[in-house]
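Working notes, structure below.
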Amino acid sequence: MPSSPTMPIQRPPRLKAGDQVAALVETLRAQIVSGELKPGEPLRQELLADRFATSRMPVREALRVLESEGLVVLVPHKGAAVAPLDPAELEEVYEMRVAAETLALRRAIPELSNAQIDRAERIQDRAEASGLREFGALNKAFHTMLYAPCGRPRLLAHIAALGDVADRYLTFTAGSLDYRDRSHGEHRALLAACRRRDEAAAVELLTRHISEAGETLLRYLREQPTAGNG
């Protein structure tokens, strides 16, 4: 029988330079946050360029963006690697989340419609019916829905960036901690406060929700001596 022709390697379609960087950032960010790329794992530019069928320049720019987000470390003469899990970073991120998210909620509550609260509640229903794999994304979507009417796009972008960093720690710890059930209960209480338009109660609940989650994750992380080394 005649031999079959060699199948060509399937490459993704080429994008413009700016689009290439954005696509690389999105893909690598998702893989770091999900834990697919482990803390401390090297990110070699030439391998990434080959994998994504691009030159090294968009790869380099994407890694710089991820470094600014705290997800990648760039070491002179050594290259890039996935940022380690750092208790000091975790503590800072959760302090910043409290400040930013309570501000967003204060601004949002006067503009929050019943329809938006209903959508947040449907997201929460999905979160309670889903497994660990979907928990981080649905948790973020729930909070985003409540903050959306705040009318502060820069603040929302800042919260989203902090959320990406926080999700790494949540992914690392949530499977080992009895955290999700408590989180679901706190989300239900927050929804009830938002329905009453009780700003003071909602802000207090949110502050405690984020702060106690950060403290729980921090205690767990400090007990893991190899957390930063993959």
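Each value in this text was obtained by applying a stated rule to the coordinates, not by laboratory testing. What you see is a predicted model; the values in this text were computed from it and never measured. Every residue, glycine among them, receives a Cβ derived from its backbone with ideal geometry; neighbour counts consider all protein chains shown.
Specify the angular offset, from 0 to 90 degrees and rounded to the nearest 10, of the alpha carbon long axis of helix 132-147 from the longest principal axis of the alpha carbons in the chain.
Tilt of helix 132-147: around 60 degrees.
Using alpha carbons only, how many angstrom separate the centre of segment 116-142 from the centre of segment 70-110?
Result: 22 Å between the Cα centres.
Note down the nm distance, to one decimal, between modelled labels 7 Å out along Cα→Cβ at Arg219 and at Asp198.
2.7 nm
Can you tell me how much longer the chain between Asn114 and Asp50 gets when fully stretched, taken as 0.36 nm per residue apart minus their C-alpha distance, in nm with one decimal?
In short, 18.2 nm is gained.
Where does helix 114-129 land angle-wise versus the long Cα axis of the chain, in degrees 0 to 90, nearest 10?
With rounding to tens, the tilt is 60 degrees.
Which entry in [x] 71, 40, 39; [y] 60, 50, 31; [z] 50, 40, 34 matches Cα extents along the principal axes in Å derived from the coordinates of this structure?
Of the labelled values, this structure produces [x].
Size of the dipole of the chain about the Cα centre, Lys and Arg at +1 and Asp and Glu at -1 on the beta carbon, nothing else charged, in debye to 20?
The calculation lands at about 660 debye.
From Cα coordinates alone, what are the radius of gyration and Dmax values for segment 53-112 in angstrom?
When restricted to Cα atoms, segment 53-112 yields Rg and Dmax of 16.9, 52 Å.
Peptides 101-112, 69-80: what's the order by average Cβ count within 10 Å, highest mean first?
101-112, 69-80
Could you tell me how many degrees, from 0 to 90 and to the nearest 10, lie between the Cα long axis of helix 87-108 and the main elongation axis, the longest principal axis, of the Cα atoms of the chain?
50 degrees
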